[in-house]
1. Can you confirm whether the range 99-115 contains a residue that is under 16 Å from residue 34 (Cα atoms) and either among the basic types (Lys, Arg) or over 21 Å from the mean Cα position of the chain (by Cα) (or both)?
2. Please name all residue pairs, on different chains or six or more residues apart, with Cβ atoms under 8 Å, provided the first residue is in the range 95-118 and is without any contact (Cβ under 8 Å) to a residue 12 or more places away in the chain and the second residue is surrounded by fewer than 12 Cβ atoms within 10 Å (Cβ to Cβ) and not aromatic (Phe, Trp, Tyr).
3. Checking residue 151 against (1) over 26 Å from residue 23 (Cβ atoms); (2) modelled with pLDDT of 95 or more, only one condition comes out false. Which one?
4. Residue check: is residue 115 under 25 Å from residue 10 (Cα atoms) and either part of a helix (DSSP H, G or I) or not β-branched (Val, Ile, Thr) (or both)?
5. Within the set of pairs 6 or more residues apart or between chains, which connect a residue that is more than 13 Å from residue 45 (Cβ to Cβ) inside the range 69-85 to a residue that is among the polar types (S, T, N, Q) and in a loop (DSSP other than H, G, I, E, B) with Cβ atoms less than 7 Å apart?
6. Determine, yes or no, whether residue 79 is farther than 25 Å from residue 125 by Cα and under 14 Å from the mean Cα position of the chain (by Cα).
7. Please state which one of 79, 103 is surrounded by fewer than 18 Cβ atoms within 10 Å (Cβ to Cβ) and outside any helix (DSSP H, G or I).
8. Are any of the residues in the range 27-44 modelled with pLDDT of 95 or more and outside any helix (DSSP H, G or I)?
Amino acid sequence: MSERNDRVALAMAMLDLVDTGHRRISKTLDLVRLKVLATVAVRGPVRPGEIAFELNLTAPTVSRHLAALEDDGQVTLTVDPADGRTFLVAPTAEGRRALKESVAAGAAVFTDAFAKWTDAQVETALHSINLLNATWTSNHTPTRTARKSRRRSR
């Protein structure tokens, strides 16, 4: 197979991996909501516009997920003292617990898939995926300006 066909085959294999993994994980998890919660847990308290920018999402998408997370008791929303037009989002203890459980459930889907791999195969795959993620991140930085959300604390 030529180098060109190898790259196309790799791209198709990655699409299949992402699709299959997403379908298996999304039966119990909303991956976008999980990324929003993870961002809040790592960066909180954080403004919704910063979440949108970091995850390259629209403000309405972030607002919808934050509303659901707030309804589930996983985040708190408070008016930003530096800018009363927006608010800050922080994780709750329940949010941190849910995040930990969700990550474990997602990881279980993949660990089952490569349970019979050798240590060398796992190491090779890990190296390749880390390289892909690093390249993707460096080539696809967010380009749009984060929009401010209009949602207020309840």
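1. yes
2. Listed pairs, sorted by first residue: 114/121.
3. (2)
4. yes
5. Correct list of pairs: 73/92; 74/92.
6. No: the conditions fail for residue 79.
7. 79
8. No, that holds for no residue.
The values are calculated or read from the model by the stated rules, or taken from the named source; none is laboratory data. Computed from a prediction, not measured in an experiment: that's the story for all the values here. Here the Cβ is made from the backbone with ideal geometry for all residues, glycine too, and neighbour counts use every protein chain on show.
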